[in-house]
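Asks: Can you read through this structure? Questions will come right after.
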Amino acid sequence: MPRITSAKVIVTCPGRNFVTLKIETDDDVYGLGDATLNGRELSVASYLTDHVIPCLIGRDAHRIEDIWQYLYKGAYWRRGPVTMSAIAAVDTALWDIKGKIAGLPVYQLLGGACRDGVMVYGHANGKTIEETVENALHYQQQGYKAIRLQSGVPGLASTYGVSKDRYFYEPADADLPTENLWSSEKYLRSVPPLFEKAREALGWDVHLLHDIHHRLTPIEAGRLGKDLEPYRPFWLEDATPAENQANFRLIRQHTTSPLAVGEIFNSIWDCKQLIEEQLIDYIRATVVHAGGITHLRRIAGFADLYNVRTGCHGATDLSPICMAAALHFDLSVSNFGVQEYMRHTAETDAVFPHAYSFADGMMHPGDAPGLGVEIDEDLAAKYEYKRAYLPVNRLEDGSMWHW
Ligand code: EZ4
Ligand code: CO
């Protein structure tokens, strides 16, 4: 049996912060897991170093489910993004180890490929509708079959999803939180014309997505969903905050626009009611924030019973290790829907050389044993951690709002 001999946390900042867990075994095989929690990175690093790693030494690395249960039940304090990201990192690294020992890519251990490739969506954005549509055309020319549209809102200086450098969007942009101004009224007026212009320019053979980023009330989201129905959106994401899962009933009563939610979920319990009552169409929980491949498979299996498909979060704060793990998962899960894909910068890719690839709007994890991702530790060491926060939102009267 491959016994865990050591483990360490690597924090690096090749343009943005990443936290990586490396687990080593006496078989000379090691595994990597992503543990990045944007804006709260060091809390997961400490959770792993101070509390998890001492419990791992000497364990059989093959016992993935048992170690998952040990860390989940054994913590006593269940769930939460910090705990579940730490468990995810261990779980991901153990799947990497198992694959390397078996000489198989992880998706083969998960039951093998259910499809030839993984449909991904790219992010088109711009300050104006015209700029966004022009950017979306660029994605369509690159072969993307699904494109997310985010545009600046007239009357608001900035908004979620519109980057300074169109291709490499990073919201965690300052060493103290940036304050943004938000108006749901202005925003609600701006989205239908964006979709109208996008359909005119891009046609109907491409999936169009949109991220509301938790900013509407359920009834406002219902109205936007109804307004967008003529343009057949693939999904509306994070329409309203989802701590109260019953909120989605109200949205569902008013629109047939498909709904996606869950990039900030960390457990199957966060989506139980949403799935059971068929209040959503896509579940966005992802490997690093929702307990690893092991827990995400449980969520997907449950979702499959209720016609809910997967749509894993894949922004650039999820490291290439998480991206690879997501692609192995996506390839193997029967009720896969779509995978978000935001390209990492060249600096990040150099720290994390990887086997996954993109062609014609589809991705594949590659056939290297394990996850197929490495970390260049010497290069990683050159990029020191840099504190960075996600922004906050205030309404025009100064009160705090959801970001
Ligand atoms: O704001 O990952 O769909 N993608 C998103 C992301 C999130 C960031 C937060 O860290 O909503 O851009
Ligand atoms: Co989102």
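Read the figures in this text as sums done on the coordinates, not as results from a lab. Only a predicted model underlies this, so the values are computations on that prediction, with no experimental measurement involved. Using ideal geometry, Cβ is built from the backbone for each residue, glycine included, and neighbour counts are taken over all protein chains shown.
Asks: In deg cm²/dmol, rounded to 500, what helix-only [θ] at 222 nm does the chain give when every DSSP H run of at least 4 residues adds -39500 (n - 2.57) and the total is split over its residues? Present the calculation step by step, with values, prior to reporting the outcome.
Replies: Working: 14 runs with 141 residues, N = 403.
That comes out to -10500 deg cm²/dmol.
Asks: Now for a different question. May I ask you to order 172-183, 365-376, 392-403, 295-306 by the average number of other C-beta atoms within 10 Å around their residues, highest value first? Let's see the in-between values first.
Replies: Working: 172-183: 15.1, 365-376: 21.1, 392-403: 12.8, 295-306: 18.5.
The packing order, highest mean first, is 365-376, 295-306, 172-183, 392-403.
Asks: Rounded to the nearest 0.05, what FRET efficiency do Glu243 and Val392 give with R0 = 25 Å and r taken as the Cβ-Cβ distance? Could you check?
Replies: 0.90
Asks: Here is a further query. Note down the relative contact order for the chain as a percent, whole number, built from C-alpha pairs under 8 angstrom at least six residues apart.
Replies: Working: 917 pairs, mean separation 91.3, N = 403.
For the chain, the relative contact order is 23 percent.
Asks: Determine the dipole magnitude for the stretch 109-367: charges of +1 sit on the beta-carbon of Lys and Arg, -1 on that of Asp and Glu, nothing else is charged, the reference point is the Cα centre, and the result goes in debye to the nearest 20.
Replies: Values: 22 positive and 33 negative charges, 120 e Å.
For the stretch 109-367, the charge dipole is close to 580 debye.
Asks: Each label point is 7 Å from the Cα along the Cα-to-Cβ direction; what then is the distance between the points at His402 and Ala346, in nm?
Replies: About 3.9 nm, to one decimal.
Asks: Could you tell me the calculated FRET efficiency between His62 and Thr178, based on Cβ-Cβ distance and R0 = 35 angstrom, to the nearest 0.05? Please report the intermediate quantities before stating the final value.
Replies: Working: r = 45 Å, r/R0 = 1.29.
E(calc), rounded to 0.05, equals 0.15.
Asks: Let me ask something additional. When a/c reaches 1.5 or more, the comparison of a/b and b/c decides; with that in mind, is the stretch 67-198 rounded, prolate or oblate per its Cα gyration tensor? List each step's numbers first, then the result.
Replies: Details: a/c = 3.02, a/b = 1.61, b/c = 1.88.
Cα axes put the stretch 67-198 in the oblate bin.
Asks: Taking a virtual spin label 7 Å from the Cα of Leu42 along the C-beta vector, which residues in the stretch 383-403 bring their backbone nitrogen under 17 Å of it?
Replies: Flagged as within label range: 383-390.
Asks: Let me check against my output: what whole-number percent is the relative contact order of the stretch 196-350, with C-alpha pairs under 8 Å and at least 6 apart? Walk me through the numbers on the way to the answer.
Replies: Details: 253 pairs, mean separation 25.3, N = 155.
Relative contact order comes out at 16 percent.
Asks: Based on the alpha-carbon gyration tensor of the stretch 263-383, what equivalent-ellipsoid semi-axes (square roots of 5 times the eigenvalues) come out, in whole Å, largest first?
Replies: Working: eigenvalues 155, 42, 28 Å².
Taking √(5λ) for each Cα gyration eigenvalue gives 28, 15, 12 Å.
Asks: Something else now. If I stretch the segment between Arg115 and Asp27 completely, what's the gain in nm (0.36 nm per residue apart, minus their alpha carbon distance), one decimal? Intermediate results must be reported in sequence, preceding the final value.
Replies: On the way: separation 88, 0.36 × 88 = 31.68 nm, distance 3.27 nm.
My answer for the length gained is 28.4 nm.
Asks: Grab the beta carbon distance between Lys164 and Cys55, set R0 = 41 Å, and tell me the FRET efficiency rounded to 0.05. Could the numbers behind the result be given before it?
Replies: Values: r = 43 Å, r/R0 = 1.04.
With a Förster radius of 41 Å, E is 0.45.
Asks: Sort all Cα-Cα distances of the chain into consecutive 10 angstrom bins from zero, then give the percent of pairs in each bin up to the one containing the longest distance.
Replies: 5, 23, 34, 26, 10, 2, 0
Asks: I need the shape label for the stretch 152-192. Rule: rounded when a/c is under 1.5, else prolate if a/b > b/c, else oblate, with a, b, c from the alpha carbon gyration tensor. Before the final figure, lay out each step's value.
Replies: On the way: a/c = 3.07, a/b = 1.52, b/c = 2.02.
It comes out oblate by the Cα gyration axes.
Asks: At a temperature of 25 °C and a viscosity of 0.890 mPa s, determine how fast the stretch 4-105 diffuses translationally according to Stokes-Einstein, using the Kirkwood radius over alpha-carbon pairs as Rh; express D in µm²/s, rounded to the nearest whole number. List each step's numbers first, then the result.
Replies: Working: Rh = 13.6 Å.
For the chosen part, D equals 181 µm²/s.
Asks: Okay, moving on. Counting residues in the stretch 155-254 as N, plug N into 2.2 N^0.38 Å and put the Cα Rg over that result.
Replies: Details: Rg = 14.8 Å, N = 100, 2.2 N^0.38 = 12.7 Å.
Rounded to two decimals, the normalised Rg is 1.17.
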